Amino acid sequence: MTVATEVRMTLNYVLDSSCSKYGDTPAVGMALEPALSYNEVHDRVIALALRMQREGVEKGHRIAILAENSHNWGTAYFAAVRLGAVVVPLLPDLPESDVRHILGEMQVKILFITQRQVDKIIELKSGGPARIITLDDHVPDLDLVPVVRYTDYLAEARTILVEAGEPPVFPDVDQDDLAAILYTSGTSGYSKAVMLSHKNLTSNAYAASGLMPIPPGSVFLSILPMSHTYEFTCGFILPLITGSRIAYAGKSPTPAILQKFCQHEKPLVIFAVPLVLEKIYKKRVLTQIEKSRLLTMLCRTTFGRRLIYRKIGRKLLHFFGGNLKLMGIGGAALNPEVESFLAEAKFPYLVGYGLTESSPLLAGGPAGDTTITVGSTGKPLPGVKIRIADPAADTGIGEIRACGPNIMLGYYNDREATAEVLSPDGWLATGDLGFIDDAGNLHVCGRSKNVIVLPSGENVYPEAIEHKMNSYNWVVEGLVLENNGRLEAWIYPDY
């Protein structure tokens with residue numbers, strides 16, 4: 001049977017095809033625990049989808065997920081899109097007021113939640129979700145929020161599926177159908193709801209899966225929230241496409257916890273934000289060098305520094321389980337000093353660049369490309385076009401604009417904001433400044449609205465100065481701003 005092209009670009013096709021290819025291969029689970037197989041995930045999704053359908057969930061209805069990462073998170077998501085419903089993933093660290101606003105605006109039919117998040121919905125008035133399901137089986141002590149435990153809901157769903165006696169019939173889902181609505185700061189600095197289609201998400205995952213060889217059975221350690229497109233696309237859909245196993249950390253990735261999980265799981269791939277690497281660099285690399293007069297002296301020479309950095313790089317690989325082939329770094333700019341260390345240490349990393357509005361990757365890698373320059377985000381992703389709008393004559397720096405199958409449908413219920421960033425022919429204005437070097441690498445210089453113009457006419461990119469300040473051990477974070485024509489720095493020290 002020939003499958004239509006548009007079906008291949010749906011999230012439903014990703015799950016179905018992965019199940020047929022990898023069957024009983026481990027797919028998803030919590031770190032240090034047994035994983036569900038691809039078949040088990042698929043069976044759960046079909047049962048949950050049928051149960052939700054019987055409860056009145058239809059194509060286009062909204063299903064919200066406000067929860068920490070888990071294998072149950074993924075089954076809830078796939079069950080919703082199986083029906084053509086739209087998933088609204090909420091960041092676990094969102095304040096109560098934002099949660100109430102989003103749930104009210106989206107008019108969600110079902111909310112999947114966890115114990116840590118329940119307090120945020122106690123004050124929900126009329127118009128809240130008709131059904132609240134706790135993915136971690138939590139039942140509040142006080143009967144303030146009526147909930148159903150995920151385990152009970154799934155058991156009843158399986159009973160319904162068995163009693164049906166025949167395969168359920170679900171609505172047709174097309175590649176251009178809306179799959180998710182994600183609330184983000186957007187390109188204008190205030191909260192917007194980004195609409196992403198099935199094709200937006202799957203095309204980005206398929207493109208990213210080609211950045212390096214990933215054999216079936218590989219392990220991805222997941223430490224970032226699945227409610228971010230970065231982790232959802234690269235750390236969830238991508239490994240499912242490749243037949244890999246996802247291990248969820250389930251806890252804040254402190255160095256000690258990260259080391260424990262890595263020693264047990266021995267991941268091939270981890271996606272992280274720069275802060276994770278920067279903490280390890282400042283606390284474990286710099287302190288090790290600064291404690292030794294000999295190491296400090298050796299690091300003053302290029303040969304000595306590379307020798308020491310490569311030795312530390314081998315120790316870092318052991319720290320991450322000894323099997324790491326890729327540390328994907330994104331979500332924010334990586335400190336240049338930290339990246340220089342990673343490059344000289346021969347540590348296997350790639351820096352990516354993107355936005356929620358682009359599902360999210362625009363540039364990154366590919367792995368093994370020796371023309372990728374330190375400080376850049378590598379080449380545009382396959383299928384993605386990037387150009388620099390109105391580049392400055394002397395620097396070549398201008399606004400980064402992108403076009404491709406991963407670019408959002410627009411902002412929910414906000415045509416004006418959509419028109420500001422999305423041209424009629426599909427080009428997204430990112431609001432970021434950058435340039436493309438002779439080797440085709442994209443360099444991101446900072447946000448266009450952050451540029452400080454001094455009285456002399458000089459353009460200052462505060463991010464570059466902030467990176468330099470933040471490299472000091474005694475600085476947690478620094479902020480550079482303009483005050484009466486002069487640069488000023490606010491610094492939060494590491495007490």
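Using a probe of 1.4 angstrom and keeping all protein chains present, the accessible surface of segment 18-140 works out to 38 square angstrom per residue. Normalised by residue count, the chain yields a Cα convex hull volume of 176 Å³ per residue. A helix-only calculation puts the chain at -9500 deg cm²/dmol for mean residue ellipticity at 222 nm, using -39500 (n - 2.57) for each DSSP H run of at least four residues, averaged over all residues. With N as its number of residues, segment 407-486 has a Cα radius of gyration that, divided by 2.2 N^0.38 Å, comes to 1.45.
Straight Cα distances below 24 angstrom link K59 to the lysines K109, K192, K199, with same-chain residues fewer than 8 positions distant left out. Distances between placed amide hydrogens fall under 5 Å for F112 paired with A64, I65, L66, I133, all partners being 5 or more residues away or on another chain. Every Cα-Cα pair in segment 211-319 was counted, and those over 20 Å apart are 50% of them.
Scaling against 2.2 N^0.38 Å puts the C-alpha radius of gyration of segment 64-220 at 1.15. Per residue, segment 342-442 exposes 43 Å² of accessible surface when a 1.4 Å probe is rolled over the protein heavy atoms with every protein chain present. Heavy-atom surface analysis with a 1.4 Å probe gives segment 415-495 a carbon and sulfur content of 54 percent of its accessible area. Legend: helices of the chain (whole DSSP H runs) are marked when their alpha-carbon atoms reach 20 angstrom or more along the helix axis and their mean Kyte-Doolittle hydropathy is at least 0.0; marked are 150-164. Given a 1.4 Å probe and the protein chains as shown, K21 ends up with an accessible area of around 130 Å².
Across segment 33-95, the volume of the C-alpha convex hull divided among the residues equals 82 Å³ per residue.
Straight-line cross-link reach from K291 at under 20 Å between alpha-carbon atoms covers these lysines, not counting any fewer than eight positions away in the same chain: K279, K282, K283, K311, K315. Summarised in one figure, the compactness ratio Rg/Rh of segment 1-153, Cα atoms and Kirkwood Rh, is 0.99. Under conditions of 37 °C and 0.692 mPa s, segment 346-495 yields 191 µm² s⁻¹ as its translational diffusion coefficient, taking Rh as the Kirkwood radius over Cα pairs in the Stokes-Einstein equation. An ellipsoid equivalent to segment 395-437, defined through the eigenvalues of its Cα gyration tensor, has semi-axes of 22, 11, 7 Å when rounded to whole angstrom and sorted largest first.
The values are calculated or read from the model by the stated rules, or taken from the named source; none is laboratory data. Quick caveat, the model's predicted, so the values are computed rather than measured. For accessibility, only protein heavy atoms count, side chains too; no ligands or nucleic acids. Shrake-Rupley method; radii C 1.70, N 1.55, O 1.52, S 1.80 Å.
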